[in-house]
1. Output ³J(HN,Hα) for the stretch 56-62: one whole-Hz value per residue in order, computed from phi by the Karplus curve 6.51 cos²θ - 1.76 cosθ + 1.60 with θ = phi - 60°, and x for Gly and Pro.
2. If I model a spin label as a point 7 Å beyond the Cα along the Cα-Cβ vector, how far apart are those points for residue 1 and residue 134 in nm?
3. Which shape class applies to the stretch 66-152: rounded if a/c is under 1.5, otherwise prolate when a/b exceeds b/c and oblate if not, where a ≥ b ≥ c are the square roots of the Cα gyration tensor eigenvalues?
4. Can you give the FRET efficiency for residue 48 and residue 70, using 1/(1 + (r/R0)^6), R0 = 25 Å, r = Cβ-Cβ distance, to the nearest 0.05?
5. Set the bar at 20 Å for Cα to Cα. Now go through 2/40; 2/71; 44/102; 7/141; 70/102 and name every pair that lies beyond it.
6. Please state the relative contact order of the stretch 6-127 as a whole percent: Cα pairs under 8 Å, 6+ residues apart?
7. Return the sequence-ordered ³J(HN,Hα) values of the stretch 150-161 in whole Hz as given by the Karplus equation 6.51 cos²θ - 1.76 cosθ + 1.60 applied to θ = phi - 60°, using x for Gly and Pro.
8. Which trypsin sites (Lys or Arg not before Pro) in the stretch 71-172 sit in a loop by DSSP (not H, G, I, E or B) and have at most 15 other Cβ atoms within 10 Å of their own Cβ?
Amino acid sequence: MKSEKIKLRALEPEDLELLYEWENNDSYWVISNTVAPFSKYTLKRYLENSHKSIFETGQLRLMIELVPEKKTIGTIDLFDFDPFHMRAGVGILIADDAERRKGYASMALKRLIDYCFTTLQLHQLYCNILANNSESMELFKKQGFIQSGIRKEWIKTSEGYLDEYMFQLING
């Protein structure tokens with residue numbers, strides 16, 4: 001899954017340090033529903049099992065890598081995979097601040113959508129986005145996702161509760 005500027009690739013053992021840094025960055029925890037850090041041991045075990053199919057694990061994480069630099073700048077995930085209803089959730093992180101707002105997330109999402117609808121033959125994708133994340137809403141809207149719902153005061157933060165918007169992209 002490659003374009004001129006980015007490539008989506010499988011996890012490699014060499015990604016351990018990046019994953020450890022990103023998963024333990026508490027500024028991302030509110031969007032990933034995490035409340036505790038991950039150990040290197042846990043992440044190493046995750047990497048060791050990352051070769052398993054989405055049909056086995058219900059999830060797929062791909063690294064977003066710049067081409068030709070081979071610089072890994074983030075991840076894009078499929079989660080909550082439902083093979084009966086043929087749907088999955090999508091999450092994306094461009095962890096390198098210097099690489100944000102350059103279109104890489106949009107390129108990665110476009111590649112993932114193509115993979116999901118062509119290779120996995122999914123019927124739909126969805127994502128949940130916090131009300132204060134307008135950039136993410138624009139990213140998903142740009143790829144055809146439509147807001148289909150809102151959960152009022154859904155996510156607790158240190159500043160109070162945030163609404164969460166649900167977006168869907170239906171194939172066909």
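1. Once θ is set to phi - 60°, the couplings for the stretch 56-62 become 8, 9, x, 8, 8, 10, 10 Hz.
2. With each label placed 7 Å out from Cα toward Cβ, I get 2.9 nm.
3. Numbers: a/c = 2.09, a/b = 1.24, b/c = 1.68.
Oblate is the answer for the stretch 66-152, as a/c is 1.5 or above yet b/c matches or exceeds a/b.
4. Details: r = 23 Å, r/R0 = 0.90.
Result of the calculation: an efficiency of 0.65.
5. Cα-Cα > 20 Å for 2/40; 44/102; 7/141; rest within.
6. Values: 163 pairs, mean separation 28.1, N = 122.
Reported relative contact order: 23 percent.
7. Computed from phi, the couplings for the stretch 150-161 are 9, 10, 6, 6, 8, 10, 8, 10, 5, 8, x, 9 Hz.
8. Working: sites: 71, 87, 100, 101, 102, 110, 111, 141, 142, 151, 152, 156; in loops: 100, 101, 102.
Filter output for the stretch 71-172: 100, 101, 102.
None of the figures in this text is laboratory data; all of them are computed from the coordinates on show. Bear in mind that the values here come from a model prediction, so they are computed numbers and not experimental data. Neighbour counts run over all protein chains shown; Cβ positions are idealised from the backbone, glycine included.
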